[in-house]
Amino acid sequence: MTKGDGHRPEHELVRLTSGDARRHARLVVPRHARGAQDTRSEARRDRDRILYSVAWRRLGGVTQVVTPFEDMALMHNRLTHSEKVVQVARSIAERLLHDKPARELVVRLGGIDADVVEAAALAHDLGHPPFGHIGEITLDKVARGLLRLPDGFEGNAQTFRTVLIGETRSNDYHGLNLTCATLVAIAKYPWQRDPTLKDDHRAKLRNDANYRRRWRKFSVYRSEKAAFDEAREFLDDIEGFLPDTQSLEASIMDVADDITYAIHDLEDFYLAGILDVRAVLDELRLDEDDGLLRKLRDRLGIDYPDYFSEDLFAKAVRVVKDELKASFSAKNDGGVQTVGRARSAGSKLIGKYINSVEISDDVFWKHGPYIALDAEAWHEVQLLKEITKNFVIKRPDIALLQRGQQRILRELVKYLLRWKNSNADFKRLPRRLRDEITTYAPSGGNTNRCILDYLCTLTDGQCYALYYKLSGSRPAASPMDLFL
């Protein structure tokens, strides 16, 4: 992720508080001399640096939820998903800034800079690996096992690492040299994973909300923790701002991500013919012990005991059923009327949820944000997200493809690890991987993470190609043919 000369200075954090929080008179450290005609704010420069990065362009070849079959309708990838998160996030930020009561609270809690929000939304998926969510799960397992990395792998933590030290923009500094405000806004889960597995790990993952929170999602590895803590220092100046809490811009990006995932992906899968709405409606009529509604209700009750409501959950089920019946239940024949109805419904829901975002002078739930969807909308979005998870990601034909992708990632890690540890052949490693290992080896750390860094610079297609080369196998007519 960095060049192998080892001479670049450590990352110099640019101190920039956001929006009205500039009243704290934080020091702004110039990155380097800028042209006299460059009138952009530091936050706008962050946004532009991300937009022009290789890591951003790569997302066009990375799966969002599932890799589409070749005969499916065009679906979101990580790049188009992120573009929509940007639009939703900026709309939320501007709405809060234009609402006088909300704006007063925004100032008290540290301010909102719409450009910081946009930068964070652009960057939020930069560290995610090939093959979508299944890639993330697979790399976490091999990281903690084969690679002996105690804090494993997590896409959000990889994103922070990517912008901090991974993306090469200049020989004068590591990474993109973003402001503190933007670095903090990227962190949806502003804590570190506790790498110590408890004896009752599985039981705690089922029943212990705090353990689940800190294990399943996190935004920083141990290797970047010092820089992460330094970036968050300006939040300490905000009276009453709780630790382990998202900045306001991070909360806006997070809720925009949820809205986009819940609506745009639902719309995508319906129009692609993947989502069987009639099966969803049948499921929503049931309340069996092992049914979708019971499992979701139990999980939300554990994770959000002070925000989840049985009554609002029941109401959300009715609202979602009515929306599905009205706009998505007819058979998708690919016709203009069907597409138009689904697109209009999606647009209406996006607008509804943007206008349902609120700011509070206290966190919405323990360890939660100061900005979130109101309670009714929040329950609806949680249900919509669960529908995608259960009726798309868990489909048997999708599972068939994902098992093959898991195997490819596991085998690639093994191939690269053996190659990395081969003294005789080390100099023939892919240049980017070799440069990073050479750069970080003197620090005495575990350079095995460099393998994960390298894989997270690849698109899905590049991952297939690398596997074909390292395994000596002949490419199939289609990647799908590998698994049939």
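The values are calculated or read from the model by the stated rules, or taken from the named source; none is laboratory data. All values reported here derive from a predicted model rather than from experimental measurement. Reconstructed Cβ throughout: ideal geometry from the backbone, glycine too, with neighbour counts over all protein chains shown. The protein model used for the area step is the full one, side chains on, heavy atoms only, and it has no ligands, DNA or RNA in it. Shrake-Rupley method; radii C 1.70, N 1.55, O 1.52, S 1.80 Å.
For the stretch 368-382, check the following and say yes or no: at least one residue is out of contact with any Pro (no Cβ under 9 Å at 6 or more places or on another chain), at positive phi and open to solvent by 40 Å² or more (accessible area, probe 1.4 Å).
No, because not a single residue in the stretch 368-382 is out of contact with any Pro (no Cβ under 9 Å at 6 or more places or on another chain), at positive phi and open to solvent by 40 Å² or more (accessible area, probe 1.4 Å).
Scanning the stretch 66-113 for residues that are among the hydroxyl-bearing types (Ser, Thr, Tyr) and open to solvent by 20 Å² or more (accessible area, probe 1.4 Å), which turns out modelled with the lowest pLDDT?
So, considering only residues that are among the hydroxyl-bearing types (Ser, Thr, Tyr) and open to solvent by 20 Å² or more (accessible area, probe 1.4 Å), the one modelled with the lowest pLDDT is Thr67.
Could you check the stretch 129-147 and list, in sequence order, the residues that are part of a helix (DSSP H, G or I) and open to solvent by less than 10 Å² (accessible area, probe 1.4 Å)?
If the condition is that a residue be part of a helix (DSSP H, G or I) and open to solvent by less than 10 Å² (accessible area, probe 1.4 Å), then Gly132, Gly135, Thr138, Leu139, Ala143 are the ones that fit.
Confirm whether Lys385 is within 17 Å of Asp257 (Cβ to Cβ), touching a residue at least 24 places away in the same chain (Cβ under 8 Å) and either over 22 Å from the mean Cα position of the chain (by Cα) or open to solvent by 40 Å² or more (accessible area, probe 1.4 Å) (or both).
yes
What about Phe313, is it within 27 Å of the chain's Cα centre (by Cα), in contact (Cβ under 8 Å) with a residue 60 or more places away in the chain and part of a loop (DSSP other than H, G, I, E, B)?
Against the criterion (within 27 Å of the chain's Cα centre (by Cα), in contact (Cβ under 8 Å) with a residue 60 or more places away in the chain and part of a loop (DSSP other than H, G, I, E, B)), Phe313 does not qualify.
Mind listing just one residue for me: the one in the stretch 205-216 that is closer than 16 Å to Pro305 by Cα and part of a helix (DSSP H, G or I) and, of those, farthest from the chain's Cα centre (by Cα)?
If we take residues in the stretch 205-216 being closer than 16 Å to Pro305 by Cα and part of a helix (DSSP H, G or I), then Asn207 is farthest from the chain's Cα centre (by Cα).
Okay, residues lined up against (1) surrounded by fewer than 17 Cβ atoms within 10 Å (Cβ to Cβ); (2) in a loop (DSSP other than H, G, I, E, B); (3) modelled with pLDDT of 95 or more:
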residue: Leu433; (1), (2), (3): no, no, no
residue: Gly445; (1), (2), (3): yes, yes, no
residue: Ile451; (1), (2), (3): no, no, yes
residue: Leu470; (1), (2), (3): yes, no, no
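What are the residues in the stretch 388-403 that are open to solvent by 10 Å² or more (accessible area, probe 1.4 Å) and touching a helix residue (DSSP H, G or I) at 6+ places or on another chain (Cβ under 6 Å), if any?
Within the stretch 388-403, Asn390, Phe391, Leu400, Gln402 meet the criteria.
Name every residue in the stretch 175-202 that is out of contact with any Leu (no Cβ under 6 Å at 6 or more places or on another chain), buried (at least 18 other Cβ atoms within 10 Å of the Cβ) and farther than 27 Å from Phe131 by Cα, in order of residue number.
The answer is Asn177, Leu178.
Can you tell me which residue within the stretch 352-367, out of those that are open to solvent by 10 Å² or more (accessible area, probe 1.4 Å) and of a type in the set (Ser, Thr, Tyr), is farthest from the chain's Cα centre (by Cα)?
The selected residue is Ser360.
Yes/no matrix, rows are residues, columns are (1) open to solvent by less than 80 Å² (accessible area, probe 1.4 Å); (2) of a type in the set (Ser, Thr, Tyr); (3) in contact with a Leu (Cβ under 6 Å, 6 or more places away or on another chain); (4) assigned to a helix (DSSP H, G or I):
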site: Glu283; (1), (2), (3), (4): yes, no, yes, yes
site: Glu288; (1), (2), (3), (4): no, no, no, no
site: Lys295; (1), (2), (3), (4): no, no, no, yes
site: Pro305; (1), (2), (3), (4): no, no, no, no
site: Phe308; (1), (2), (3), (4): yes, no, yes, no
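With the requirement that a residue be free of Cβ contacts under 8 Å to residues at least 40 places away in the same chain and not in a loop (DSSP other than H, G, I, E, B), what does the stretch 148-202 give you?
Within the stretch 148-202, Gly155, His201, Arg202 qualify.
Mind telling me which of the residues Leu292, Leu349 ends up being under 30 Å from Gln246 (Cβ atoms), among the aliphatic types (A, V, I, L, M) and more than 23 Å from the chain's Cα centre (by Cα)? Spell out the reasoning first.
Numbers: Leu349 fails: more than 23 Å from the chain's Cα centre (by Cα).
Within the list Leu292, Leu349, the selection yields Leu292.
So which of Gly340, Gly334 is at pLDDT below 85 and of a type in the set (Gly, Ala, Ser)?
Gly334
Do we find a residue being on the phi > 0 side of the Ramachandran plot and open to solvent by less than 20 Å² (accessible area, probe 1.4 Å) anywhere in the stretch 121-128? Explain how you work it out, then say what you get.
At the first step, the residues of the stretch 121-128 found to be on the phi > 0 side of the Ramachandran plot are none.
Within the stretch 121-128, not a single residue is on the phi > 0 side of the Ramachandran plot and open to solvent by less than 20 Å² (accessible area, probe 1.4 Å).
Out of the residues in the stretch 257-289 meeting the condition of being of a type in the set (Asp, Glu) and within 20 Å of the chain's Cα centre (by Cα), tell me which one is nearest to Glu323 (Cα to Cα).
This residue is Glu267.
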